[in-house]
Amino acid sequence: MTDFTSNEPRHHRNKRGAEYMVYFSLIFLLAIPFATVFWLLDVFQKQTLMLHGPLARAWGEADRITPLIFSA
């Protein structure tokens, strides 16, 4: 007989619900044009492509802003 008490299977639950993902998606989509403009400005100013791209910047902004909405 197998003993399941010592090694329980770990169920990883998504701490962020559907509402969080909706807000995150909306903020991400709205941030893409702004992130693109600022990325282009950085590329021309620094004369390099060794920067985070516009999608990474938009993702970071959404990742910073969405928890602020839910903490209030």
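By the scheme Lys and Arg +1, Asp and Glu -1, what is the net charge of all other residues having a beta-carbon under 10 Å from that of Leu51? Could the numbers behind the result be given before it?
Numbers: positive: Lys46, Arg57; negative: Asp42.
Charge balance in the 10 Å sphere: +1.
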* Structure fact -> Length gained, Phe34-Thr48, 0.36 nm per residue minus C-alpha separation, equals 3.1 nm
* To do: Please work out the average accessible area per residue across the range 27-72, using the 1.4 Å probe convention, and give it in Å².
  => 76
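The values are calculated or read from the model by the stated rules, or taken from the named source; none is laboratory data. As the structure is a prediction and not an experimental result, all values here were calculated from the model. Note that we place each Cβ from the backbone using ideal geometry, even for glycine, and neighbour counts take in every protein chain shown. In case anyone asks, the SASA skips ligands and DNA or RNA and just uses the protein heavy atoms, side chains included. Shrake-Rupley method; radii C 1.70, N 1.55, O 1.52, S 1.80 Å.
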